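Rule-based calculations on the coordinates, nothing more; no lab input. Keep in mind that what you see is a predicted model, and the values were worked out from it rather than measured. Quick reminder, even Gly has a Cβ in these numbers, built from the backbone with ideal geometry, and neighbours come from all protein chains shown.
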Amino acid sequence: MTRNLCMIREADRHIEQTVTIGCWLHHIRSSGKIRFLQLRDGSGFIQGVVVKSEVSEQVWEDTGKLTHESSLYVTGIVREDTRSKGGFELTVTGVEIIQISSEYPITPKEHGVDFLMDHRHLWIRSPRQRAILVIRAQIIRAIQQFFDERGFQLVDPPILTPSSCEGTTNLFHTKYFDEDAFLTQSGQLYMEAAAMALGRVYSFGPTFRAEKSKTRRHLIEFWMIEPEMAFVTHEQNLEIQEQFVSFVVQSVLQHCRKELETLERDISKLEKIQAPFPRITYDDAVKFLKAEGHEFEWGEDFGAPHETAIAQNYETPVFITHYPTEIKAFYMKPDPNRPEVVLCADMIAPEGYGEIIGGSQRIDDPELMEERFNQHELS
């Protein structure tokens, strides 16, 4: 049987119309001769109201059989309801049960994270986990839109690589036929080569770090955006970064308000994420940390407490620029006016999230690059 189904997110287009939705029962409660069905279809949630005196005996009997996460078709009239979170509810006129769920392991009671992770495939059905995935999908759309509209070409680097790109041993090892291979830490080296062919490029894919760390700043597997640009200065690089972050945040605000509310996110803080972002030099940051009582010497790298202390003074991300040459990658270009620092920046996010972007202008002098190779004993 072919059905013309309505998605819950489209309910506002069908006010006072009869629609059918394919859905799962998220929750049910009864109040005498009225049943309230919390329904979800992946696109959103809506409450279905079943009034015993207004439906057939079969519909009333069937709704009494429903269990958590049972699947069904529900037919009803869309009504505006300012009391509901979505602004609409469904006056149910008919149901068709597809499958009654039995022994569904996740209940309204509190569960530990370990239990929920063991049932991750079911946990993602909950409102909070769904909201996170919807926002993530919107972030991905915004990222691609930003770069595509600005002349960047998407290039996919290999996921299996012959060596580390960041001088570390924290790699996931595998065999690639008769050769050693590793899960990629970064597509940067491939993107640098691609930029010489295409001008402006970006990769967006999975990366892996085999570190046995368990902090919010360490991820074993994550997706990373790695743009590379030819003929772009340090300052232009910062402008593109701040425009990018602003674009993504504002896109999520525009398209994911309900999901942000589900996460109880303070939207007012996100509304302030608008370019341009403040800039301070590494020198300024060191002076600030010392004034705040931190023991810190020029030439050291910032740790999590230092980044958090700096970010607390800003409501938007902040750039820290011009780090010491000795603590940064060999390929970063020294400041022509002050070679002990390089033309680089880390973008530090507010609210204690730390560095979210690192970037630099590259060395464009072959003799200096060869000198750096020798200094770092590279082949």
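The calculated Kirkwood hydrodynamic radius for the chain is 24.8 Å, given to one decimal from all distinct C-alpha pairs.
Here the chain is treated with +1 on each Lys and Arg Cβ and -1 on each Asp and Glu Cβ, and its dipole about the Cα centre works out to around 2020 debye. Over the stretch 92-221, the pair-distance histogram of Cα-Cα distances with 10 Å bins from zero comes to 10, 23, 28, 22, 12, 5, 0 percent, rounded to whole numbers. Projected label points at Y176 and A291, each 7 Å from Cα along the beta carbon direction, are separated by 5.0 nanometres. Computed over the alpha carbons of the stretch 227-379, Rg followed by Dmax gives 17.6, 56 Å. Solvent-free Debye calculation, one equal scatterer per alpha-carbon of the stretch 1-160: log10 I(q)/I(0) at 0.14, 0.15, 0.16, 0.18 Å⁻¹ equals -0.80, -0.88, -0.97, -1.13. For the stretch 213-287, GluC sites (Glu not before Pro) meeting the loop criterion (DSSP other than H, G, I, E, B) and having at most 13 other Cβ atoms within 10 Å: E264. As a proxy for reagent exposure, F177, F288 were ordered by neighbouring Cβ count within 10 angstrom, fewest first; the result is F177, F288.
Give, in nm to one decimal, the length gained when the segment between L122 and W223 is fully stretched (0.36 nm per residue of separation minus the Cα-Cα distance).
The span from L122 to W223 would gain 34.1 nm if fully extended.
Which log10 I(q)/I(0) values, to two decimals, does the stretch 244-306 give at q = 0.13, 0.23, 0.25 Å⁻¹ under the Debye formula with one point per Cα? At q = 0.13, 0.23, 0.25 Å⁻¹ the computed log10 ratios are -0.58, -0.88, -0.95.
The Cα atoms of the stretch 170-237 cover 37, 36, 15 Å along the three principal axes, with the biggest extent listed first.
Here is the list for the stretch 192-246: chymotrypsin sites (Phe, Trp or Tyr not before Pro) lying in DSSP coil, each with at most 12 other C-beta atoms within 10 angstrom of its C-beta, are F231. Summed over qualifying helices (DSSP H, 4 residues or more, each -39500 (n - 2.57)) and divided by its residue number, the chain shows a 222 nm mean residue ellipticity of -9000 deg cm²/dmol.
Normalising the average separation of contacting C-alpha pairs (under 8 angstrom, six or more residues apart) by the number of residues puts the relative contact order of the stretch 277-379 at 25 percent. For the chain, the residue among Q250, L133, L37 whose Cα projects farthest onto the positive side of the dipole built from Cβ charges is L37. In the stretch 131-193, the ratio of gyration radius to Kirkwood radius, Rg to Rh, stands at 1.10 when only Cα atoms are counted. Computed over the stretch 129-280, relative contact order equals 25 percent, with contacts defined as Cα pairs under 8 Å that lie 6+ residues apart. Each Lys and Arg adds +1 at its Cβ and each Asp and Glu adds -1 at its Cβ; summed about the Cα centre, the stretch 248-304 shows a dipole of about 420 debye.
The mean of 1/r over all pairs of different alpha-carbon atoms in the stretch 8-99, once inverted, gives a Kirkwood hydrodynamic radius of 12.8 Å. Considering only F231, I124, V55, the residue lying farthest towards the positive end of the dipole of the chain is V55, judged by Cα position with unit charges set on Cβ.
Within the stretch 29-94, report the trypsin sites (Lys or Arg not before Pro) that DSSP leaves as loop and that have at most 15 other Cβ atoms within 10 Å. Those satisfying the criteria are K33, R83, K85. Of interest is the spacing of the C-alpha centroids, which for the stretch 274-332 and the stretch 1-77 amounts to 54 Å.
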